[in-house]
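Here is the structure we will look at, set down as structure tokens.
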Amino acid sequence: MQIQIKGGRVIDPGVMDTPADIFIEDGRIAKIETRRNDSEPAPFTDSGPEDVTVIDARGLLVVPGLVDMHVHLRDPGQEYKETVETGSRAAAAGGFTAVCCMPNTSPVNDSAAITSYILDRAARCGLVRVYPVGAISAGLSGEQLAQYGDLKSAGAVAVSDDGKPVSDAQLMRRALEYASGIGLAVISHCEELSLAGGVMNEGEVSTRLGLPGIPNAAESVMVMRDIALSELTGVPVHIAHVSTSESVEAIRAAKARGAAVTAETAPHYFTLTDEAVNSYDTHAKMNPPLRTEKDRLAVAAALADGTIDAIATDHAPHSQIEKEVEFDLAANGITGLETALALGLRLVEEDVLSLEQLFAAMSKNPAKIIGKPCGLEVGQAADITIIDLSAKYLYSAAKDRSKSRNTPFDGRELKGRAVYTLVDGSIVFDLSKDT
């Protein structure tokens, strides 16, 4: 099967930003033809052999497939919240061609058997690429390292105890050393539990609402520790879901010293603040919690200057059972696969990021961190996202492809969305046909 993507503006961060046509054969990019860079698009024709699918991309943006290096698919064990299939459908609709699923499933993904199960489910779906992340410690207990060699052989791309920190510094040191030896990235959930006894950000809003708070230091002190361990071992560490200005400063200083540290943040940390909790809305409850405007601006600035490398959703689906309860008792987390692109594009509209910077943070950078190829080059697998930057719509959680509806963005007007998502040259999402 052949596909031609014609008439679009093609952005491959660090490589090109130009009007071009992309020709796909047997799942790979066979040819890229640059068009004249003038105000009028070149003539468009859809004629060709019957077995060629032509996508009219005039007025649209064509970018490398988006990569989300931090999602929770809840499968196995909590399929009432999400499955590999429903999460993959949400990912495809959000423009993602690949996702990394965290290991805090039930049972925990600390073995080759669970990794293989996840990959088998993903293959049966035939939608997006699913990259399992194995556990740092057996059972997420923080006591003993998982079997990294088995996880790697089965197909894991990284290890993390996400959802829980690795409190034992010696265990974290060993994790860095052993994972590096076999080519697994280490993703750190930075949280000092002795400081993290609250349910939202510690500050003026928590005081007004009478809710126990979590100070910024609960995150930043662990960020500093893991940077120190990375420098001690000479091994890269990736910091998950950065939310505070202090964490940003620590990572920025570490990079200036040449430390091998990378970092991600989530769209809610550069879009919302703890003011979103004002009505005790459990859809605004997450961990790390939403912080202050100062922190929000610091996170956005860190994306702009490269201190934070990647945007990842931390897609955390929950059912009504976990969310429609008292704020203190509600589960942490929000869905994010179908809102991330539009929220990221807000940073472009606000002149915080360029389009190239945004799509580096949402495609090539996360792919590089987990050691996977990504880009629009001849011979490369045709993982491609096609975007309508001008599309305005009211986001409806009820229409989300995820099983869960826990989002603070329900009913908000968003701008920009994926209209096609291609994986290995196959169209896995077509907005015009999606119901």
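Per-residue ellipticity at 222 nm, computed for the chain from helices alone with -39500 (n - 2.57) per DSSP H run of at least four residues, works out to -8000 deg cm²/dmol. The residue list Asn109, Ala158, Gly181 was ranked by how far each Cα lies along the charge dipole of region 63-369 toward its positive end, using unit charges on Cβ atoms, and Gly181 comes out on top. So if the hydrodynamic radius of region 266-381 is defined as the Kirkwood radius over C-alpha pairs, what does Stokes-Einstein give as its diffusion coefficient at 37 °C and 0.692 mPa s, in µm² per second? Translational D for this selection: 212 µm²/s. Inter-label distance, Ala123 to Gln144: 3.0 nm, where each label sits 7 Å from its Cα along the C-beta direction. To the nearest ten degrees, helix 245-257 and the longest principal axis of the Cα atoms of the chain are 70 degrees apart. Relative contact order, whole percent, for region 63-369 stands at 17, derived from Cα pairs under 8 Å and 6 or more residues apart. Take every DSSP beta bridge whose two residues both sit in region 63-369; close to 5 percent of them are antiparallel. A DSSP coil position with no more than 15 other Cβ atoms inside 10 Å describes the following GluC sites (Glu not before Pro) in region 342-403: Glu350, Glu377.
Against the chain, whose longest principal axis is taken from its Cα atoms, helix 84-93 shows a tilt of about 60°. Summing charges over all other residues whose Cβ lies under 14 Å from the Cβ of Asn365, with Lys and Arg as +1 and Asp and Glu as -1, gives -2.
Inter-label distance, Ser396 to Glu204: 3.8 nm, where each label sits 7 Å from its Cα along the C-beta direction. The stretch between Leu297 and Tyr80 holds 74.5 nm of extra length on full extension. This uses 0.36 nm per residue minus the Cα-Cα distance.
With loop membership from DSSP and a limit of 11 other Cβ atoms within 10 Å, the longest segment of the chain without trypsin sites (Lys or Arg not before Pro) is 37-432. Between the helical axis of 217-233 and the longest alpha-carbon principal axis of the chain there is an angle of about 80 degrees.
Nearest 20 debye, what's the magnitude of the dipole of the chain about its Cα centre given +1 on Lys and Arg Cβ and -1 on Asp and Glu Cβ?
On the way: 40 positive and 61 negative charges, 60 e Å.
In debye, rounded to 20, the chain gives about 280.
For region 219-278, the spread of Cα coordinates along the three principal axes comes to 43, 18, 16 Å, biggest extent given first.
No lab work stands behind these numbers, since they all come straight from the coordinates. Note that the structure is a prediction, hence the values are computed from the model and not measured. As a convention, Cβ positions derive from the backbone with ideal geometry for all residues, glycine included, and neighbour counts pool all protein chains shown.
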